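Structure first, commentary second.
The values are calculated or read from the model by the stated rules, or taken from the named source; none is laboratory data. The structure presented is a predicted model; accordingly, all values stated were derived computationally and were not measured. Methodologically, a virtual Cβ is constructed for each residue, glycine included, from the backbone with ideal geometry; neighbour enumeration extends over all protein chains shown.
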Amino acid sequence: MIRGSAAAKLNLALVVGPRRDDGKHEVATLYQRIALTDRLEVRVSDTTAVDGFADDTLVRAALEALSSDGTRLAARLEKRIPVAAGLGGGSADAAAALQLGNALLPRPLPRDRLDEIAAALGADVPFFLRDGPQFGTGDGTVLEPVDLPQDYWVLLVVPHGAAKESTAAVYQRFDERGGDVGFADRRQALDAALGQVRRSRDLASLPPNDLASSPLAERMLQEGAFRADVTGAGPAVYGLFLHRRTAVAARERLRRLGGTWLTAPAWYV
């Protein structure tokens, strides 16, 4: 048996373009891992199984993809990352299952094969196989490491009663409102802003999320965040704070609005 953790992510920027021929959308996104983690145990087993989280689909799919040589793997998953919140918990779990499970195989798969499996599981999964912040393009699986400041605090709020639509439904609404119009200009603005990031405060110049917005982001700014936005397709809202005491005070005032977590950037798990 082998144990590991799976960390959540933020989309510090998410610029979305037109639907591609493969049905996916062109995106440009800035991935940042945060220190909010699920725990995972993987073991060799007679049957493929996942215990501890009844709603799992991606961990099982990852383990099944590793079983082509006849080795069967099972896992136990302890969830801490909010589910269906835009924080990538399912993708992080799948990537952790791939890495841990691969280490148990008699003949571990090479990195490029793991990347192929990860991309087939979901657009966010390949990011979680890498350390550090990444700039994702294409459908999000074409990754380039970026150097970003890591000296700030992250306050997450998942609003009470917020039910995330399916990712497909969120993109459908994006298409219906013609959200892809001006993609090239927004992508250029993201590139320009990213090129100017030197200090944590510079992250404030990144463009807002194309897929989702929330009045909670404005409230976060009022509470002292230097940047606030929805991550992924939501509904989780993040605020970035320079000082822990400011983030703690904001958390106390925002608790009545939803579940809250205070965390920080993470380079790897």
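Apart from one condition, Ser91 fits all of (1) under 12 Å from the mean Cα position of the chain (by Cα); (2) surrounded by fewer than 19 Cβ atoms within 10 Å (Cβ to Cβ); (3) at pLDDT 95 or above; the exception is (2). Within region 24-31, is there a residue that is loosely packed, with under 15 Cβ neighbours inside 10 Å, farther than 30 Å from Tyr152 by Cβ and without any contact (Cβ under 8 Å) to a residue 60 or more places away in the chain? Checked against the condition, which is being loosely packed, with under 15 Cβ neighbours inside 10 Å, farther than 30 Å from Tyr152 by Cβ and without any contact (Cβ under 8 Å) to a residue 60 or more places away in the chain, region 24-31 yields no hits at all.
Within region 51-82, being at pLDDT below 95 and part of a helix (DSSP H, G or I) holds for Ser67, Ser68, Asp69.
I'd like to verify a number: residues in region 83-103 that are in contact with a Gly (Cβ under 6 Å, 6 or more places away or on another chain) and assigned to a loop (DSSP other than H, G, I, E, B), how many? The qualifying residues number 1.
Selection of region 14-24 for residues being over 18 Å from Ser91 (Cα atoms) and outside any loop (DSSP other than H, G, I, E, B) yields Val15, Val16, Gly17, Pro18, Arg19. Remark: pairs (first residue in region 144-158, modelled with pLDDT of 95 or more and surrounded by fewer than 14 Cβ atoms within 10 Å (Cβ to Cβ); second residue in a strand (DSSP E or B) and among the aromatic types (Phe, Trp, Tyr); Cβ separation under 9 Å; 6+ apart in sequence or on different chains) = Glu144/Phe135; Pro145/Phe135.
Restricting attention to region 222-261, the residues that are surrounded by fewer than 17 Cβ atoms within 10 Å (Cβ to Cβ), closer than 30 Å to Ala169 by Cβ and of a type in the set (A, V, I, L, M) total 1.
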